[in-house]
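In what follows, a structure is listed as structure tokens, so that the remarks can point back to it.
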Amino acid sequence: MLFNSTRFVFFFPIVVAAYFALPFRFRWVLLLAASYYFYACWRVEYSVLLIISTLVDYSAAIMMGRTAQKRVRRRYLILSIGANLGLLFVFKYYNFFRGAVAAGLSGVNVACPLPVSHFLLPLGISFYTFQTMSYVIEVYRGRQRPEKHLGIFALYVSFFPQLVAGPIERSYNLLPQFAVGPFEKHRFDYDRVTNGMKLMAWGFFKKVVIADRLAVIVDHVYGDPTQYEGFGLTLATVLFAFQIFCDFSGYSDIAIGAAQVLGFKLMQNFRRPYFATSVAEFWRRWHISLSTWFRDYVYIPLGGNRVALPRWYLNIIVVFLLSGLWHGANWTFLVWGGLHAAYMLAGRAGRPVRERVAGALGLTKRPRIEQGIRMLTTFALVTFAWIFFRAPSLSEALYIVRNLPSGWGVLLSPAQIVDTIGSMCSLPDFLFVLAMIVVMECGHVLQARGNVIEFLAQRPVWVRWPVYSALVWCIFLFGIFTHKEFIYFRF
């Protein structure tokens, strides 16, 4: 079920009304049933894998809780991780692996013996497998007690607001909120419920008003990049940077807001990432639940930054290549991850040079100017990497990169600029979506100074209600309601 669908418009209010009407001890049953219905609306078969993952990790954690022998506990940990990664491999990476094998064998004129898989990629599999793996790892480390209630654990795995595209929650944050005792704290609270609905509205605004309108432009250009040169390709790539942010952070806002309405607190997943002044800072602001997952369960176990410099380089490369592969079974995602690894390595190696240049130019005495330059540089690097993320194939991505320097003469002619934009979409649509991006970024600037929802709540009625009304009317009047999937549903 899509958040931006008519079905969800009816589903969510019914679940909320039933949730607050039920006695506390039965609410987990309602949420579990609602979560499986939410997931099964795509394909009922997907639920089987969700159940398998739940049962395997529940059983592994229970068995680890029954023994103090590290050797035995490690066996159950390996069993759990192997099962989860095995599901990911079969349903997400098998054909990619087979393609690589076939390409290698074709070089020696040998046919690939592996058959092509026709399995469909189950929605959200990368998200809920990582969430359950983190739980089992924390149990193994002794930081999380095994959850003995199978129903509560199943709800932790399948909680519908964040099931399909995160945030990837940690067990020590979400599981305690599902215990029967804490449910008693989830009474109907007007301020909490309305604040959650406001956050959901902000997420819908970013998705249907901005992201889906940008998608029309970006899809047109990336669908046939040979029709454009440097200016058009660059413009489409910059717009994709905002599209993917609005699409994914919009989903996170809706998920966090929906959970808040019910009385649950999910972790923050985005923190104004395009205001970052370095690529390292970008990853502390972008898809926080995934970046911290790789930090806690891959980067730190590899030694983190407490190792020799060459080993640290290797750790960074491994983490970002795995992050790229997590996003999809395509060489484009590996290149995207590799680019970010290169940015990180170059950022550390070039720090002394940057500091000397900044000092020579007097930028250290003008911190705001220096910060602005670093912010624009970081945005340019991240946006360049988005080319490989968005392009359907590596050859198309390389075509775009090769043609970025050409065709910039159009900037000397306003008429040619208008013609280029007009070939992507109508000029009024383009100007409208730019205005909406400005509105969103103004909201982010205010957010940097404090919680915008709380700030508005403290304003007089004649101030805050026109703002709320304008947001809602903007969604209904200018939103694109074609049930377009969120980008991260593909991962």
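The values are calculated or read from the model by the stated rules, or taken from the named source; none is laboratory data. None of the values given here were measured: they were computed from a predicted structure. Methodologically, a virtual Cβ is constructed for each residue, glycine included, from the backbone with ideal geometry; neighbour enumeration extends over all protein chains shown.
Taking the criterion of being assigned by TED's automatic domain parsing to the domain that holds Asn315, assigned to a helix (DSSP H, G or I) and closer than 28 Å to Gln227 by Cα, would at least one residue in segment 344-356 satisfy it?
Start the filter on segment 344-356 by keeping residues that are assigned by TED's automatic domain parsing to the domain that holds Asn315, which leaves 344-356.
With the extra rule that they be assigned to a helix (DSSP H, G or I), the set shrinks to 344-349, 351-356.
Imposing the further condition that a residue be closer than 28 Å to Gln227 by Cα reduces the set to none.
No, segment 344-356 contains no residue that is assigned by TED's automatic domain parsing to the domain that holds Asn315, assigned to a helix (DSSP H, G or I) and closer than 28 Å to Gln227 by Cα.
Any chance segment 227-249 includes a residue that's out of contact with any helix residue (DSSP H, G or I) (no Cβ under 8 Å at 6 or more places or on another chain) and of a type outside the set (Val, Ile, Thr)? It would help to see each step written out before you state the result.
Taking segment 227-249 first, the residues out of contact with any helix residue (DSSP H, G or I) (no Cβ under 8 Å at 6 or more places or on another chain) are 234.
Narrowing further to those that are of a type outside the set (Val, Ile, Thr): none.
No - not one qualifying residue is present in segment 227-249.
Under 8 Å between Cβ atoms, at least 6 apart or on separate chains: pull out the pairs that start in segment 184-204 with a residue that is within 23 Å of Asp247 (Cα to Cα) and end on any residue that is modelled with pLDDT of 90 or more and assigned to a loop (DSSP other than H, G, I, E, B).
Short answer, once both residue conditions are applied: none.
Go through (1) surrounded by 14 or more Cβ atoms within 10 Å (Cβ to Cβ); (2) farther than 15 Å from Ile254 by Cβ; (3) modelled with pLDDT of 85 or more for Val15 and report which single condition fails.
(2) is the only condition that Val15 fails.
Could you check segment 259-341 for helices (runs of 4 or more DSSP H) lying wholly inside it with 1 or more residues that are modelled with pLDDT under 95, more than 17 Å from the chain's Cα centre (by Cα) and crowded, with 19+ Cβ neighbours inside 10 Å?
Values: elements: 279-285, 288-294, 309-327.
Once the helices (runs of 4 or more DSSP H) in segment 259-341 are filtered for at least 1 residues that are modelled with pLDDT under 95, more than 17 Å from the chain's Cα centre (by Cα) and crowded, with 19+ Cβ neighbours inside 10 Å, what remains is 309-327.
Consider segment 465-479. How many of its residues are crowded, with 16+ Cβ neighbours inside 10 Å and among the β-branched types (Val, Ile, Thr)?
Qualifying residue count for the region: 1.
Which of (1) out of contact with any Cys (no Cβ under 8 Å at 6 or more places or on another chain); (2) within 17 Å of Ile480 (Cα to Cα); (3) aromatic (Phe, Trp, Tyr) is the odd one out, the single condition Phe205 does not satisfy?
Result: Phe205 fails condition (1) only.
Quick one: would you say Leu120 is in a loop (DSSP other than H, G, I, E, B), farther than 26 Å from Cys474 by Cα and among the hydrophobic types (A, V, I, L, M, F, W, C)? Even if it seems obvious, please write down each step before you answer.
Details: in a loop (DSSP other than H, G, I, E, B): yes; farther than 26 Å from Cys474 by Cα: yes; among the hydrophobic types (A, V, I, L, M, F, W, C): yes.
Yes.
Residue-by-condition table, conditions (1) of a type in the set (Gly, Ala, Ser); (2) crowded, with 22+ Cβ neighbours inside 10 Å; (3) free of Cβ contacts under 8 Å to residues at least 12 places away in the same chain; (4) not assigned by TED's automatic domain parsing to the domain that holds Gly257:
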site: Val108; (1), (2), (3), (4): no, no, yes, yes
site: Ser117; (1), (2), (3), (4): yes, no, no, yes
site: Pro122; (1), (2), (3), (4): no, yes, no, yes
site: Thr129; (1), (2), (3), (4): no, yes, no, yes
site: Val139; (1), (2), (3), (4): no, yes, no, yes
site: Arg143; (1), (2), (3), (4): no, no, no, yes
site: Leu155; (1), (2), (3), (4): no, yes, no, yes
site: Pro161; (1), (2), (3), (4): no, yes, no, yes
site: Asn173; (1), (2), (3), (4): no, no, no, yes
